[in-house]
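Undergrad: Take this structure first; my questions come after.
The values are calculated or read from the model by the stated rules, or taken from the named source; none is laboratory data. The model shown is predicted, which means the values in this text are computed figures rather than measured ones. Ideal geometry is used to build each Cβ from the backbone, glycine not excepted, and the neighbour counts take in all protein chains shown. Areas reflect the complete protein model, heavy atoms only, side chains present, ligands, DNA and RNA absent. Shrake-Rupley method; radii C 1.70, N 1.55, O 1.52, S 1.80 Å.
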Amino acid sequence: MVLVTGAAGQIAYSLLYSIGNGSVFGKDQPIILVLLDITPMMGVLDGVLMELQDCALPLLKDVIATDKEEVAFKDLDVAILVGSMPRREGMERKDLLKANVKIFKSQGAALDKYAKKSVKVIVVGNPANTNCLTASKSAPSIPKENFSCLTRLDHNRAKAQIALKLGVTANDVKNVIIWGNHSSTQYPDVNHAKVKLQGKEVGVYEALKDDSWLKGEFVTTVQQRGAAVIKARKLSSAMSAAKAICDHVRDIWFGTPEGEFVSMGVISDGNSYGVPDDLLYSFPVVIKNKTWKFVEGLPINDFSREKMDLTAKELTEEKESAFEFLSSA
Ligand code: NAX
């Protein structure tokens, strides 16, 4: 059982087909898809349901479309929480956070009550890190390690920028890191990244020989890529977001390749990379047997340290505001 929320939205429109055709959970894993959206979107959701049926996907055993949490969260193996309250013009950051705390508190409680205890929860809806933390805090019977938020799109953007610059494909670039918040304070770090050039693995700094680009334009391009897509498309990233969700969930399900790590927002333990305890922060992780572990012992230089602390500070502030709303909601 796999739930996608925000199922009538634009990311889901790309995502549902990939889940249904076996690109995420494998070509021999039958799937029941549950689609949740809010009541006013039920008409649109009906159209999505019809289209999914019309895809005639052999692995898709059933599709359930609903606006009820008690139906949507029942017996789930995986919950992909895409739906959230979007920022409207003139809306204050705090008001946006407050509206989302309400949604993710309610969905966390529904996970706690109805889903399997082994459920893997992936939060995409923004502010993704803090929404993920809110859901986890509202689902105390589910291990907090089962919750993660999407920073894989940022990770993929970083890989792609390096690949473009070197004239290779994204597959030839590995071990980039996104640290921190899925926001413009995130820090894309390629100090530990490698690129395959003429069959040999080389460090990205060594391969590019352009430190000022790597420390300047590269970082801001990745940080602001979401805004650049909105400006150009008049809509936010959807195809690339759906692809990143597939990468993220597939790695949880099947593990990361030997010698490679990926970025995802997970709960900090206070002992890793100087990040304060109990923050939902994006780290480099490896995954095996559906369990993630921090990549340990990477040396952090002063340039990185400063950027990692800055995004931690933003997340700490978001967390404090969210917790205020959480206790008063
Ligand atoms: P859309 O506005 O197209 O779709 C969102 C859908 O969520 C709508 O159908 C809406 O009715 C539904 N929804 C709202 N509240 C809900 C609730 N309480 N329960 C169930 N459904 C609810 O947005 P879309 O482009 O699909 O983006 C979805 C979310 O992903 C946004 O919050 C967006 O900011 C976020 N993103 C996060 C990314 C990440 O890397 N973490 C990248 C892409 C994307 O920007």
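Undergrad: Over 25 Å between Cα atoms: which of K94/K159; K68/K243; K27/K116 fall into that group?
TA: From the list (K94/K159; K68/K243; K27/K116), the Cα-Cα distance tops 25 Å for K94/K159; K68/K243.
Undergrad: Still on this structure, I have one more. As an exercise, use a Förster radius of 25 Å and the Cβ-Cβ distance of E260 and K27 to find the FRET efficiency, rounded to the nearest 0.05.
TA: Efficiency, rounded to the nearest 0.05: 0.65.
Undergrad: Using unit Cβ charges (K, R positive; D, E negative) and no other charged atoms, how large, in debye to the nearest 20, is the dipole of region 1-133 about its Cα centre?
TA: Using Cβ point charges on Lys, Arg, Asp and Glu, region 1-133 gives about 580 debye.
Undergrad: When the dipole is taken about the Cα centre of region 261-321, and only Lys, Arg (+1) and Asp, Glu (-1) are charged at their Cβ, what size is it in debye, to the nearest 20?
TA: 440 debye
Undergrad: Sticking with this one: For the chain, what does the equivalent ellipsoid look like in terms of its semi-axes, each the square root of 5 times an eigenvalue of the Cα gyration tensor, given largest first in whole Å?
TA: They are 31, 23, 19 Å, listed from largest to smallest.
Undergrad: Over 27 Å between C-alpha atoms is what I'm after, so list which of K234/K290; K174/K234; K196/K288 land there.
TA: Beyond 27 Å between Cα atoms: K234/K290; K174/K234.
Undergrad: If I take every Cα pair under 8 Å that is 6 or more residues apart in the chain, average their sequence separation and divide by the length, what percent do I get for the relative contact order?
TA: 17 percent
Undergrad: Hey, with R₀ at 45 Å, roughly what FRET efficiency would T220 and E70 work out to, going by the Cβ-Cβ distance, to 0.05?
TA: 0.50
Undergrad: Just to compare against my own numbers: the Cα pair-distance distribution for region 117-222, 5 Å bins, whole % per bin, please.
TA: Result, from short to long distances: 2, 12, 20, 18, 13, 11, 10, 7, 4, 1, 0 percent.
Undergrad: Moving on. Restricting attention to the alpha-carbon atoms of region 224-329, what are Rg (one decimal) and Dmax (integer), both in Å?
TA: Both quantities, over Cα of region 224-329: 16.3, 45 Å.
Undergrad: I287: net charge of surrounding residues, Cβ under 13 Å, Lys/Arg +1, Asp/Glu -1, itself excluded?
TA: Every neighbour counted, the sum reads +1.
Undergrad: Answer with one residue from T311, P276, C246: the one whose Cα lies farthest towards the positive end of the charge dipole of region 226-329, charges on Cβ with Lys, Arg +1 and Asp, Glu -1.
TA: Toward the positive end, the furthest listed residue is C246.
Undergrad: Same structure, new question: Estimate the FRET efficiency between E51 and S272 by the formula 1/(1 + (r/R0)^6), using the beta-carbon distance for r and 56 Å for R0, to the nearest 0.05.
TA: 0.85
Undergrad: Mind jotting down the distance between the C-alpha centroids of region 254-329 and region 224-252, whole Å?
TA: One Cα centre to the other: 20 Å.
Undergrad: Additional query: What does the charge dipole of the chain about its Cα centre add up to, to the nearest 20 debye, if the Cβ of each Lys and Arg holds +1 and the Cβ of each Asp and Glu holds -1?
TA: Charge dipole of the chain: 340 debye, to the nearest 20.
Undergrad: Which whole-number value in Å² is the accessible area per residue of region 231-297, probe 1.4 Å?
TA: Value for region 231-297: 49 Å² per residue.
Undergrad: Pulled fully out, how much extra length does the chain show between K144 and T291, if you take 0.36 nm times their separation in residues and subtract their Cα-Cα distance?
TA: 51.8 nm is the gain from fully extending K144 to T291.
Undergrad: Let me ask you something else. Looking only at Cβ-Cβ distances, which cysteines of the chain have no other cysteine closer than 4.7 Å?
TA: C55, C246, each lacking another Cys Cβ under 4.7 Å.
Undergrad: Suppose the chain between Y17 and K234 were pulled fully straight at 0.36 nm per residue; how much longer would it get relative to their current alpha carbon spacing?
TA: 75.8 nm
Undergrad: Fully extended, how many nm does the chain gain between L298 and L197 (0.36 nm per residue separation, minus their Cα-Cα distance)?
TA: Between L298 and L197, full extension yields 34.1 nm more.
Undergrad: Could you tell me what percent of the DSSP beta bridges with both partners in the chain are antiparallel, to the nearest 5?
TA: Taking every DSSP beta bridge within the chain, about 50 percent pair in antiparallel fashion.
Undergrad: Can you compute 3J(HN,Hα) from phi for each residue in region 304-315, using the Karplus curve 6.51 cos²θ - 1.76 cosθ + 1.60 with θ = phi - 60°, rounded to whole Hz and x for Gly and Pro?
TA: With the stated coefficients, region 304-315 comes to 5, 3, 4, 6, 5, 5, 4, 6, 5, 5, 4, 5 Hz.
Undergrad: Which one of V285, W179, L59 is farthest out on the positive end of the charge dipole of the chain, using unit charges on Cβ (Lys, Arg +1; Asp, Glu -1) and the Cα centre as origin?
TA: L59
Undergrad: Taking the DSSP beta bridges in region 119-230 as the whole, what percent of them are antiparallel, to the nearest 5?
TA: 75 percent
Undergrad: Past 19 Å, Cα to Cα, is the threshold; run K105/K144; K117/K137; K98/K137; K144/K313 against it and keep the listed order.
TA: K144/K313
Undergrad: Which of the aspartates and glutamates could a cross-linker bridge to K113, judged by Cα under 16 Å and excluding same-chain residues fewer than eight apart?
TA: Counting by Cα, and skipping residues close in sequence, K113 has these aspartates and glutamates nearby: E69, E70, D75, D77.
Undergrad: All other residues with a Cβ under 13 Å from the Cβ of A312 taken together, and with Lys, Arg as +1 and Asp, Glu as -1, what is their net charge?
TA: -4
Undergrad: Rounded, prolate or oblate: which fits region 53-106 when a ≥ b ≥ c are the square roots of the eigenvalues of the alpha-carbon gyration tensor, with rounded for a/c under 1.5 and prolate only if a/b beats b/c?
TA: Taking the square roots of the gyration eigenvalues as a ≥ b ≥ c, region 53-106 is prolate.
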